[in-house]
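The values are calculated or read from the model by the stated rules, or taken from the named source; none is laboratory data. On a predicted model such as this, the values are computed, not experimentally measured, just so you know. Cβ atoms come from the backbone with ideal geometry, glycine included; neighbour counts cover every protein chain shown. Protein only, heavy atoms only, side chains kept; ligands, DNA and RNA dropped before computing areas. Shrake-Rupley method; radii C 1.70, N 1.55, O 1.52, S 1.80 Å.
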Amino acid sequence: MSDQTNEEQTEDRIEIVSFTIGEQAFCLNIGHVLEIRGWTSTTTLPHAPDYVVGMMNLRGAVLPVMDLSMRLGLGKTVPESRSVIIIAHIDKKSVGFLVDAVSNILTVNQADMQPTPEVSSARTAAFIRGVYTMDDTIVRAIDVHQIMPQDNLVAA
């Protein structure tokens with residue numbers, strides 16, 4: 001961890017946003033994160049995949065909200081007052097990711113990322129770029145390009 005600012009980051013060091021889904025730790029590169037919001041109810045989108053909890057209005061832009069737990073195959077999230085929506089921009093689209101809580105913003109060495117264990121499924125390997133070990137916790141790095149459905153989810 002470091003107190004480097006964004007301007008001082010190098011290609012070797014990046015900032016990540018760590019968050020929890022259940023008791024599990026995950027992270028996203030902060031470069032994709034637009035903002036972090038507390039849970040607000042969403043509007044249902046008929047015939048959407050089961051991991052889409054609905055749509056939300058973000059300052060005039062309508063964007064889909066995905067249950068990241070469902071998308072990762074970890075079960076449905078029941079949103080609570082402490083739940084968080086991470087607003088991210090990926091491949092020219094904005095999307096909200098429903099997670100249980102944001103833990104921290106950390107600066108890490110990219111070289112410290114370890115590969116996803118080979119015992120995982122191909123789908124797991126596609127969704128998880130690798131893992132960081134922080135103290136006694138394993139933090140999985142989400143591949144945001146794979147998490148986004150390849151067929152158009154919702155035009156945001």
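Observations on the structure shown:
- In the stretch 7-18, the residue that is modelled with the lowest pLDDT out of those that are open to solvent by less than 80 Å² (accessible area, probe 1.4 Å) and not in a strand (DSSP E or B) is 9.
- Residues that are hydroxyl-bearing (Ser, Thr, Tyr), buried (at least 19 other Cβ atoms within 10 Å of the Cβ) and modelled with pLDDT of 90 or more are absent from the stretch 97-106 altogether.
- Where residue 21 falls short, out of the listed (1) open to solvent by less than 20 Å² (accessible area, probe 1.4 Å); (2) out of contact with any helix residue (DSSP H, G or I) (no Cβ under 6 Å at 6 or more places or on another chain); (3) at negative phi: (2)
- Look at the stretch 26-42: where a residue is assigned to a helix (DSSP H, G or I) and a partner is open to solvent by less than 70 Å² (accessible area, probe 1.4 Å), sitting 6+ places away or on another chain with Cβ atoms under 7 Å, you get 30/15; 30/16; 30/17; 32/88; 32/90; 32/144.
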